Amino acid sequence: MSDRSPVTGYYELEVAARLVRLPPARVRRYVRVGLVQPSRLEGRTVLFGEAELARLRTIRRLGEDLGINAAGVEVVLRLVDEIRALTGDDEPRKR
C-alpha cells in the first residue's frame, strides 16, 4: 500500500495526519471549521498537498508548542492569511 495517492504529491487524510503528527480526527475538525482546505477531492477521498501539510504543521506548532488555544489559532491563521493576501505573498516562509 502506498502512502501517496495516484496523483503525485498528494496524501490522504490519515497519511497527512501521521506526517504532521496530529490525530486524524483533529485534521478532520480543522477541515470542517475551515482552517485548512484540502488540495483535491477524489470522490469522497480528501487529499492534502505540501502547502496544506505546512499549514497543518503551523497549526500544531501554534497549539502544542506555543500553547495557543483553538480560537487563538484560528485568529492567528486568519490574520496571516489576510496579510498574505494584502502583500500578494501566497507562499509560507521557510525558516
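Rule-based calculations on the coordinates, nothing more; no lab input. Computed from a prediction, not measured in an experiment: that's the story for all the values here. Here the Cβ is made from the backbone with ideal geometry for all residues, glycine too, and neighbour counts use every protein chain on show.
For the reader, a short list of remarks on this structure follows.
- ³J(HN,Hα), Karplus 6.51/-1.76/1.60, whole Hz, each residue of the range 60-77, x for Gly, Pro: 4, 5, 4, x, 7, 7, 9, x, 7, 6, 4, 5, x, 4, 4, 5, 4, 5
- Whether the range 27-95 is rounded, prolate or oblate, judged on the alpha carbon gyration tensor where a/c under 1.5 counts as rounded: oblate
- Across the chain, C-alpha contacts under 8 Å between residues 6 or more apart give a mean separation that, scaled by the residue count, equals a relative contact order of 22 percent.
- Furthest towards positive pole of dipole, Asn69, Ala51, Tyr10, structure part the chain, Cβ charges: Asn69
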